[in-house]
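Beneath this line is the structure, given in structure tokens, with notes to follow.
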Amino acid sequence: DGGITQSPKYLFRKEGQNVTLSCEQNLNHDAMYWYRQDPGQGLRLIYYSQIVNDFQKGDIAEGYSVSREKKESFPLTVTSAQKNPTAFYLCASSMGRTPTGELFFGEGSRLTVL
Amino acid sequence: AQRVTQPEKLLSVFKGAPVELKCNYSYSGSPELFWYVQYSRQRLQLLLRHISRESIKGFTADLNKGETSFHLKKPFAQEEDSAMYYCALIHSSASKIIFGSGTRLSIRP
């Protein structure tokens, strides 16, 4: 079954704890992205990576970190520095290092901070 | 700054009525614009792109550079069109895609 897999689907975290969201793709896509989806604010880009071992900050990178050690994996860590981490997180990938417009999305991970 | 604006958070129309989801953008140069859709319990997916000038599921969108708009239209709404719709453009750096805030379309029977 090809595509993008995000895990876990639901995650609860206590304040002050870091948490890592997993994103794996078997599409052999070069670029991967993390978006945050909040009601009324749409999708906001957190981080993106065009090639292995390289990534760039998006519009709301503060309080987040990523790594891209393998082409198929792009985990996102939500650190305790993120002031409002409760949100729905979407991972996506695209063929080629520059987007042609078609992003393939995962099912998302909903993080709730208690 | 490059930006995509969707002024309507919610649009509710009756089945069979025309639909127009508004999208305005700010961009210097020639933008590449897209509409994405997210049906209930499904993944966000590409609906159409302006360069293709295609009609998907009865939807069309025309790029109007003079008005900097890319509105999504359908002449006769169907109940299965109920979904969240996002307008998006490729940033001039060609490295990322910027999304609007989304419009929830609700089709009433």
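Details
- Listed by position, the strands (runs of 3 or more DSSP E) inside the range A:1-112 whose residues that are touching a residue at least 12 places away in the same chain (Cβ under 8 Å) and open to solvent by less than 60 Å² (accessible area, probe 1.4 Å) number at least 3 are A:4-7, A:19-25, A:31-38, A:42-51, A:64-66, A:76-78, A:87-94.
- Of all residues in the range B:73-96, those that are open to solvent by 50 Å² or more (accessible area, probe 1.4 Å) and more than 14 Å from chain A (Cβ to nearest Cβ) total 6.
- Verdict on B:R49 being over 14 Å from B:C23 (Cβ atoms) and not acidic (D, E): no
- From A:Q41, A:Q82, A:Q25, residue being more than 17 Å from B:A88 (Cβ to Cβ) and within 14 Å of chain B (Cβ to nearest Cβ): A:Q25
- Scope the range B:3-25; condition open to solvent by less than 40 Å² (accessible area, probe 1.4 Å) and touching a strand residue (DSSP E or B) at 6+ places or on another chain (Cβ under 7 Å); matching residues: B:V4, B:Q6, B:L11, B:V13, B:V19, B:L21, B:C23, B:Y25
- Picking from residues in the range B:18-74 that are of a type in the set (D, E, K, R) and more than 30 Å from A:S109 (Cα to Cα), the one that is modelled with the lowest pLDDT is B:R53.
- Residues of the range A:85-109 satisfying the condition of being over 14 Å from the mean Cα position of the chain (by Cα) and within 11 Å of another protein chain (Cβ to nearest Cβ): A:G96, A:R97, A:T98, A:P99, A:T100, A:G101, A:E102
- Residue ranges of strands (runs of 3 or more DSSP E) in the range B:22-101 with at least 1 members touching a Ser or Thr at 6+ places or on another chain (Cβ under 9 Å) and of a type in the set (F, W, Y): B:24-26, B:83-90
- In the set (1) over 30 Å from B:P7 (Cα atoms); (2) within 11 Å of chain B (Cβ to nearest Cβ), the condition left unmet by A:Y33 is number (1).
- Criterion (touching a His at 6+ places or on another chain (Cβ under 9 Å) and either within 13 Å of chain A (Cβ to nearest Cβ) or open to solvent by less than 10 Å² (accessible area, probe 1.4 Å) (or both)) met by exactly one of B:F70, B:F99: B:F70
- Within the range B:5-53, tally of residues that are in contact (Cβ under 8 Å) with a residue 60 or more places away in the chain, within 12 Å of another protein chain (Cβ to nearest Cβ) and aromatic (F, W, Y): 2
The values are calculated or read from the model by the stated rules, or taken from the named source; none is laboratory data. On a predicted model such as this, the values are computed, not experimentally measured, just so you know. Cβ coordinates were reconstructed from backbone atoms using ideal geometry, including for glycine residues, and neighbour counts include every protein chain displayed. For the accessible areas, the whole protein counts, side chains as well, though only heavy atoms, and no ligand, DNA or RNA atoms are used. Shrake-Rupley method; radii C 1.70, N 1.55, O 1.52, S 1.80 Å.
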